[in-house]
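*Asks:* Questions regarding the structure given below will be posed in turn.
No lab work stands behind these numbers, since they all come straight from the coordinates. The model shown is predicted, which means the values in this text are computed figures rather than measured ones. Here the Cβ is made from the backbone with ideal geometry for all residues, glycine too, and neighbour counts use every protein chain on show.
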Amino acid sequence: MNIVTADLFADDLPLAGSRTPLGPQAVVLRGFALGRVAALWPALQQVIARAPLRHMVTPGGQAMSVPLTNCGLLGWTSSRAGYRYQGTDPDSGLSWPPMPGAFLALARDAAAEAGFERFEPDACLVNRYRPGARLTLHQDRNERDFGQPIVSVSLGVPAVFLWGGLRRGDRAARVPLLHGDVAVWGGADRLRYHGIAPIREAAHPLTGCERINFTFRKAG
Ligand code: MD3
Ligand code: FE
């Protein structure tokens, strides 16, 4: 048994195949990515080799606790100048790595499974969390068309997803996201506030102490 298939025999299985509805057009497909990890993982390593994970700076000048990179035609960036999608990696000046076929297929299949047919993502943002890293409540509103869903894939150690409302002050529910879970949001739920609570110290056979998240968007 190698490190990529090991997870099939571990603690992610009890929920696999079930659905956790979070709102009218938001659902977590439990374990949807588990059978595809063996293809996703080496493809991710290729992306990171060309466009390394890096700590971007917020418009307020703070380094983000979660380093990120992108693949696909467009990549999400943050700097003192603001948040935006752009076709080139600001660190290297190169185009972002192409979106691996296994990434695109997973994003499309998960969107269709959640009722969003013909999803055509042009951007995939990759976030890496180590213990203590977090993402404070925010909205994703740099994309052009809020009619398109977002698809999010979790790998590695568990996280507590904070699922708020349409106003920043709305109380946030806490939803565990485990290795292999895929979340899909659109329509009425597209502009909900959301975040990730500080990651707890844990170990996973594939990622060690880390959690990796991909979010697929139609940005342009
Ligand atoms: C709900 N990432 O990159 S993914 C982000 O786990 C981001 O890294 C988190 O929030 C992570 O912007 C959460 C789940 C997610 C992504 C986008 C959403 C949930 C969303 C947009 C609207 C509502
Ligand atoms: Fe977000």
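*Asks:* Using a Förster distance of 35 Å, how high is the FRET efficiency between LEU166 and ALA203, based on the Cβ-Cβ distance and rounded to 0.05?
*Replies:* Calculated transfer efficiency: 0.40.
*Asks:* For the charge dipole of the chain, defined by +1 on Lys and Arg C-beta atoms and -1 on Asp and Glu C-beta atoms about the Cα centroid, which residue among ALA183, ALA63, VAL151 has the Cα displaced farthest towards the positive pole?
*Replies:* In the chain, that residue is ALA63.
*Asks:* Give the distance, in whole Å, between the Cα centre of region 100-174 and the Cα centre of region 22-44.
*Replies:* Region 100-174 and region 22-44 have Cα centres separated by 11 Å.
*Asks:* Treating the beta-carbon of each Lys and Arg as +1 and of each Asp and Glu as -1, no other charges, what is the dipole magnitude of the chain about its Cα centre, to the nearest 20 debye?
*Replies:* Charge dipole of the chain: 620 debye, to the nearest 20.
*Asks:* Rank by packing, highest mean first: peptides 127-137, 20-30, 183-193, with packing defined as the count of other Cβ atoms within 10 Å averaged across residues.
*Replies:* Top to bottom by mean Cβ count within 10 Å: 183-193, 20-30, 127-137.
*Asks:* Right, next: Show me 138-147, 96-105 ranked by packing, highest mean number of other Cβ atoms within 10 Å first. It would help to have the intermediate numbers written out before the result.
*Replies:* Values: 138-147: 13.4, 96-105: 17.9.
Going from most to least packed, we get 96-105, 138-147.
*Asks:* In square nanometres, what is the average projected area of the Cα convex hull of region 128-220?
*Replies:* Mean shadow area of the hull around the Cα atoms is 5.8 nm².
*Asks:* Which whole number in µm²/s is D for the chain by Stokes-Einstein, with the Kirkwood Rh taken over Cα pairs at 25 °C and 0.890 mPa s?
*Replies:* Answer, rounded: 141 µm²/s.
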